[in-house]
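The values are calculated or read from the model by the stated rules, or taken from the named source; none is laboratory data. Predicted, not measured: the structure shown is a model, and the values here were computed from it. The protein model used for the area step is the full one, side chains on, heavy atoms only, and it has no ligands, DNA or RNA in it. Shrake-Rupley method; radii C 1.70, N 1.55, O 1.52, S 1.80 Å.
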Amino acid sequence: MYQVEYASLKYYNNIISEECLYIGMLFHNLTTGKRDFRYISNFKRFQAFDDEADVEFVKLYLSGIRQQVETNIFNYNQAFSITDFTRIYVNEFRFSPVTVMEVEENEDYVENLTKMYLKFDFSKEKRLSNF
């Protein structure tokens, strides 16, 4: 069994209304140390959600998060902490509270949870596979 932490990244186009769109998923396998960050590829839906947003900036921003998470750029002197990492996102980009769960060693938890949270990036058939 693996112990895994994950948090979803949400984009708020209006902080007051709390309306948001799930745009990313952050995973940290505490057993193996592996970290993954997956984010949307369907930016048409994002553009429709916030037609004033700079989509190219958001793509670069999400790519930067991936690079920071999947390499050791975050903090050279400390072990990676998903709670510490997600704490700095407080405005339009915010992570959900961290969830901890146990998964089987052969379970593709990254793919399965990504399909659940970022479902509009997948066709209906692909979303339902593996469930």
Inset, instruction - Could you check how many residues of the range 12-24 are under 11 Å from the mean Cα position of the chain (by Cα) and open to solvent by less than 60 Å² (accessible area, probe 1.4 Å)? - result: 2
Inset, instruction - Scan the range 94-111 and give yes if some residue there is more than 13 Å from Phe27 (Cα to Cα), open to solvent by less than 40 Å² (accessible area, probe 1.4 Å) and modelled with pLDDT under 95, otherwise no. - result: no
